[in-house]
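Q: Can you keep this structure in mind? I'll have questions shortly.
Computed from the coordinates by the stated procedures, all read-outs in this text should not be read as laboratory data. It should be emphasised that the depicted structure is a prediction, and the values quoted were computed from it without experimental measurement. Cβ placement follows ideal geometry from the backbone for every residue including glycine, while neighbour counts extend to all protein chains displayed.
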Amino acid sequence: MINMKKSKSERRVRPALNLDMISILPKDILDKILVRLPLRDAIRTSSLSRTWRHAWASMPALMFIDDSIPSNNLDAKFLLFVDRVLLLHNGPILKFHLSSNRCSHVAIDPWIVVLSRNGIQELVLDLGYEERYKVPSTLFFCQELKHVELSHCIIELPQMFKGFSLLSTLKLSRTTLTDKGLENLVSSCPVLENLSLTNFNGCTHLKIHAPKLQVLMIIGFFEDLHLGTPNLVVANIVLDGEAHQYDVAGGTKSNLIQALGSIPAIEKLEIREYFLVYLAVGSLPEKLPTTFNCLRKLTLDINLEVLEETMTALCLFQNAPNLEELELWPAFEETPVVPVGKFWKLKMHQRFPFKHLRNVCLNSFADLEAHFEFVKFVLNTAPMLKKMTLRSHDCPEESKVLRKLLQFPRASKEVEVIYV
């Protein structure tokens, strides 16, 4: 007869087999799972088991997105939700993301205080209401900050501000601050690598001195720009509105040198909207103080019928000996002040400015002498060119354009001209 009675050791093992595998994971793994859930769902995990009851309360990242809250809920419920989460949270808060147009300024201030006491490293405030939020001075003493994104805010640096010694990323959108405020903020971040300024106001004379900055984006209106960024690799600068011109005593000032004369490590540069107009103001040097030896890709918004812009573009070309990719977005004037077509003819026989150029894209290509002469200049001075793409803008029929292009001499035997 077989004895079916089980031993005590066997009975003890059975409950262990019923444990779910997730509950016995290390805490850092549980945190990684929770932070990938919407915050409300992460909190609901407290009902799963005793192990999960307080797991959410030590999440290192909190993200409050009010789009996830039903529109029939009152704004007060959202504020109460944030208040309760911060009250019950019992661990460090390394990341805090708030995206809302429902929060009053009075409600946000104490949240910043809580963050300042809990080791905040990454802060994102995306506040979409008309009245901008004045950032409290408490934030500027959070010395562990590494990543900050502010939208619809007002920044006033406190007198005792000593900088952010660990901040590597700063993104400001629709933010108000003064010229001096911006200069002091950026220069007080010694390890800043990524800076984005978009649709800002209150500052028009931008001075950006950041020795370790690698990525820069500026989109907005400004009257003056001075870059001291020797390690800048990628820059996208979009100047809204027409650039103001100033009479400089002696005509010695050069916007081109002031803005781009100290970026020797640049690899990718985008000059958009009216920024080339701004760069053309003042004296134009034959050679910049620094050669763009690392520049591989250049994007320009340019009016090829305006002599000042054309000359400035050529100066950039001559100072970028290793340029490989060039993209142009031409603008148009009803009547050019000075015919520019002959300008490229005169430059045709100079030494190759495009020794390494391989790809060119000319968008909005039109039936204009300046456009054809520029194409002719590039084809004649780029011995390594592989492809030139011309995207039509009210041009005559393709066969007529191609016949004209076939007459142009080419320095490269392998170049393919594509007209679309």
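Q: What does the extension gain come out to for residue 414 and residue 290, with contour length at 0.36 nm per residue minus their alpha carbon separation?
A: Fully extending the segment from residue 414 to residue 290 adds 41.4 nm.
Q: Now, a different point. Could you tally the net charge around residue 276, taking each other residue with its Cβ under 10 Å from the Cβ of residue 276, Lys/Arg +1 and Asp/Glu -1?
A: So the environment of residue 276 carries a net charge of -3.
Q: If you take every residue apart from residue 365 with its C-beta less than 10 Å away from the C-beta of residue 365, what net charge results, scoring Lys and Arg +1 and Asp and Glu -1?
A: Here the charged neighbours net out to -1.
Q: For the residues 103, 361, what sequence is obtained by ranking on other C-beta atoms within 10 Å, fewest first?
A: 361, 103
Q: Sticking with this structure for a sec: Taking the Cβ of residue 412 as the center, what net charge do the other residues with Cβ under 12 Å away carry, scoring Lys and Arg +1 and Asp and Glu -1?
A: +4
Q: With the cut-off at 23 Å, tell me which of the pairs 95/171; 212/386; 253/355; 297/386; 180/253; 134/268 have Cα atoms farther apart than that.
A: 212/386; 253/355; 134/268
Q: Taking just the C-alpha trace of the stretch 60-189, give me its Rg and Dmax in Å.
A: 14.5, 45
Q: Under 1.5 on a/c is rounded, so check that first for the stretch 204-295, then, if it is not, pick prolate when a/b is larger than b/c and oblate when it is not; a ≥ b ≥ c are the square roots of the alpha carbon gyration tensor eigenvalues.
A: oblate
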